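The values are calculated or read from the model by the stated rules, or taken from the named source; none is laboratory data. Predicted model only: the values in this text are computed from it and were never measured. Positions of Cβ are generated from backbone atoms using ideal geometry, with glycine treated the same way; all protein chains shown enter the neighbour counts. The protein model used for the area step is the full one, side chains on, heavy atoms only, and it has no ligands, DNA or RNA in it. Shrake-Rupley method; radii C 1.70, N 1.55, O 1.52, S 1.80 Å.
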Amino acid sequence: MSTKRQPQTDEHREVPAHAAGVVTIDLARIAANWRALADLVRPAECAAVVKADAYGLGAARVIPVLAAAGCRTFFVATFDEAILARGLAPSARILVLDGVLPRAEKAMRAAGVVPVLSSLAEAERWAQLSSSRDESLACALHVDTGLNRLGLPASEVRALAANSHLLDRLDVLLVMSHLACADDPQSLKNAQQRDVFEGLAPLLPSAPRSLAASDGLMLGAAYHYDLVRPGYALYGGQAFRGGAAPVAPAVTLHVKIAQIRDVAPSHTVGYSATWSPNKASRIAVIAAGYADGLFRHLSRATGGEGGFVAIRGQLAPIVGRVSMDLITVDVTDIEGPPPQPGDLVEVIGPSITIESLGAAGGTIGYEVLTSLGRRFHRRYLNEAV
Ligand SMILES: *Cc1c(COP(=O)(O)O)cnc(C)c1O
């Protein structure tokens, strides 16, 4: 075996020596994912959901790239996110999914962003800003079709439809709803919600309609209406259970080995001594923990289930408890050059998808992305696309 070690990956070369780990975000891939979804749903418009800092990947980097790719409509959750998006995509429409909070109406209008209104009371508050009958305020209307989260219930849709004084003061840019079970194409709830939407939307002012997010758009053209609102799929997420979306992974996470140690069978590893090896074992101590989004649920007790990292495509089990800043991994059976301090191991990448990491952590890929640690070095590929 040569003593001269080759870098394991491209990441290895470009990570600062002091960085414990690196999140690599491929901006060209995110743009390509958006284009693929836009192609799939045409002639419907493809918007982009960039709430929660573009699902943890960095709205400041993601939004300009999507705007350059041709995205004209962005959805965020909160007012602060809308202000950021407004500056990053000056000619795009910015819609705020959580709507407008009491006493925030003036600031929202001044910012030139559009609330998605979800109740009659909220519509009244927004309309009160209009000073004259000639002035109507831009908004989207969210009607509830069965999720029972946000959205006007049917009774409020009817009350709004009958209130021409209120409607005169609203410039409705979009009528939308949100599906509860779109990841499951077998769910009867999808068609039920679609039927409710078909019944309620025509009561409201004529405007473009939207029902589908990442999974809903995979249910077929009947769910596309005029505009789709993918978030997760733009970032490479595959949550739909009826087949693969035409998108590819855009994120990898590699973390460095801080230390290698040998552990004998009578010994235990980590807090609460939950794991011990059944043979002399080599443990790699990895420089990231639950404070970095490696959920504590990834821990593995002796004989139990837990998460993995990957080394040159070989899975290495996380053993013992995940702690705040460190995880311990059994590398005894890794073939090839022995892992060493400073080597990067894959936490998300070709061997471990965000979905598999989420499943091992008792959660979903969405939470993996939005939990990605702020301590990691962030590397953006292909900024200029
Ligand atoms: C978050 C959200 C989306 C995007 O959902 P994905 O599953 O990430 O595509 C779309 N619409 C609404 C109302 C949302 O809250």
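Only one of the numbered conditions (1) crowded, with 23+ Cβ neighbours inside 10 Å; (2) farther than 30 Å from residue 207 by Cα is violated by residue 267, and that is (1). Restricting attention to the stretch 204-222, the residues that are of a type outside the set (Gly, Ala, Ser), part of a helix (DSSP H, G or I) and either closer than 19 Å to residue 97 by Cβ or within 8 Å of the ligand (Cβ to nearest atom) (or both) add up to 1. Within the stretch 120-166, the set of residues being over 15 Å from residue 177 (Cα atoms), part of a helix (DSSP H, G or I) and open to solvent by less than 20 Å² (accessible area, probe 1.4 Å) comprises 122, 123, 126, 127, 160, 166.
This table checks each residue for (1) within 15 Å of the ligand (Cβ to nearest atom); (2) under 26 Å from residue 79 (Cα atoms); (3) out of contact with any Gly (no Cβ under 9 Å at 6 or more places or on another chain).
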residue: 112; (1), (2), (3): no, yes, yes
residue: 120; (1), (2), (3): no, yes, yes
residue: 128; (1), (2), (3): no, yes, yes
residue: 145; (1), (2), (3): yes, yes, no
residue: 148; (1), (2), (3): yes, yes, yes
residue: 177; (1), (2), (3): yes, yes, no
residue: 182; (1), (2), (3): yes, no, no
residue: 191; (1), (2), (3): no, no, yes
residue: 202; (1), (2), (3): no, no, yes
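Each residue in the stretch 88-119 was checked for being open to solvent by 60 Å² or more (accessible area, probe 1.4 Å), outside any strand (DSSP E or B) and not polar (S, T, N, Q), and 8 pass. Residue-level check: of (1) farther than 18 Å from residue 315 by Cβ; (2) among the small types (Gly, Ala, Ser); (3) in contact (Cβ under 8 Å) with a residue 12 or more places away in the chain, residue 266 misses just (3).
Being of a type outside the set (Gly, Ala, Ser) and crowded, with 22+ Cβ neighbours inside 10 Å is the filter here, so list the residues in the stretch 42-57 that pass it. Let's see the steps before the verdict.
Our first condition is that a residue be of a type outside the set (Gly, Ala, Ser); within the stretch 42-57, this holds for 42-43, 45-46, 49-51, 53, 55, 57.
Passing the criteria: 46, 49, 50, 55, 57.
Total residues in the stretch 358-382 satisfying the condition of being of a type in the set (A, V, I, L, M), within 16 Å of the ligand (Cβ to nearest atom) and surrounded by fewer than 20 Cβ atoms within 10 Å (Cβ to Cβ): the figure is 1.
Could you tell me which of the residues 207, 182 is crowded, with 17+ Cβ neighbours inside 10 Å and either among the hydroxyl-bearing types (Ser, Thr, Tyr) or within 23 Å of the chain's Cα centre (by Cα) (or both)? Give the steps one after another, and end with the answer.
Numbers: 207 fails: either among the hydroxyl-bearing types (Ser, Thr, Tyr) or within 23 Å of the chain's Cα centre (by Cα) (or both).
Within the list 207, 182, the selection yields 182.
Residues that are open to solvent by less than 20 Å² (accessible area, probe 1.4 Å) and either basic (Lys, Arg) or not in a helix (DSSP H, G or I) (or both) within the stretch 58-69 comprise just one, 58.
Of all the residues in the stretch 223-245, those that are within 11 Å of the ligand (Cβ to nearest atom) and either hydroxyl-bearing (Ser, Thr, Tyr) or touching a Cys at 6+ places or on another chain (Cβ under 8 Å) (or both) number 5. Can you find a residue that is out of contact with any Gly (no Cβ under 9 Å at 6 or more places or on another chain) and modelled with pLDDT under 95 anywhere in the stretch 279-291? Looking for residues that are out of contact with any Gly (no Cβ under 9 Å at 6 or more places or on another chain) and modelled with pLDDT under 95, one finds none in the stretch 279-291, hence no.
Name the residues in the stretch 271-310 that are among the β-branched types (Val, Ile, Thr) and without any contact (Cβ under 8 Å) to a residue 40 or more places away in the chain, would you? Let's see the steps before the verdict.
The first filter runs over the stretch 271-310 and keeps only residues among the β-branched types (Val, Ile, Thr), leaving 274, 283, 285-286, 302, 309.
Of everything in the stretch 271-310, just one residue is among the β-branched types (Val, Ile, Thr) and without any contact (Cβ under 8 Å) to a residue 40 or more places away in the chain, namely 302.
Inside the stretch 284-385, counting only strands (runs of 3 or more DSSP E) that do not spill past its ends, which hold 3 or more residues that are under 24 Å from the mean Cα position of the chain (by Cα) and not aromatic (Phe, Trp, Tyr)? Steps first, answer last, please.
Working: elements: 308-311, 314-317, 327-330, 344-348, 377-381.
In the stretch 284-385, 344-348, 377-381 are the strands (runs of 3 or more DSSP E) which contain 3 or more residues that are under 24 Å from the mean Cα position of the chain (by Cα) and not aromatic (Phe, Trp, Tyr).
I'd like to know if the stretch 349-357 contains one or more residues that are buried (at least 20 other Cβ atoms within 10 Å of the Cβ), under 20 Å from residue 247 (Cα atoms) and free of Cβ contacts under 8 Å to residues at least 24 places away in the same chain. Among the residues of the stretch 349-357, not one is buried (at least 20 other Cβ atoms within 10 Å of the Cβ), under 20 Å from residue 247 (Cα atoms) and free of Cβ contacts under 8 Å to residues at least 24 places away in the same chain, which makes the answer no.
The residue of the stretch 246-264 that is nearest to the ligand (Cβ to nearest atom), among those that are of a type outside the set (Lys, Arg), within 30 Å of residue 17 (Cβ to Cβ) and surrounded by fewer than 20 Cβ atoms within 10 Å (Cβ to Cβ), is 249.
Per the listing 140, 207, the residue uniquely hydrophobic (A, V, I, L, M, F, W, C), out of contact with any Asp or Glu (no Cβ under 9 Å at 6 or more places or on another chain), closer than 28 Å to residue 52 by Cα and touching a residue at least 24 places away in the same chain (Cβ under 8 Å) is 140.
What is the residue count in the stretch 13-38 for residues that are assigned to a helix (DSSP H, G or I) and without any contact (Cβ under 8 Å) to a residue 24 or more places away in the chain?
Qualifying residue count for the region: 1.
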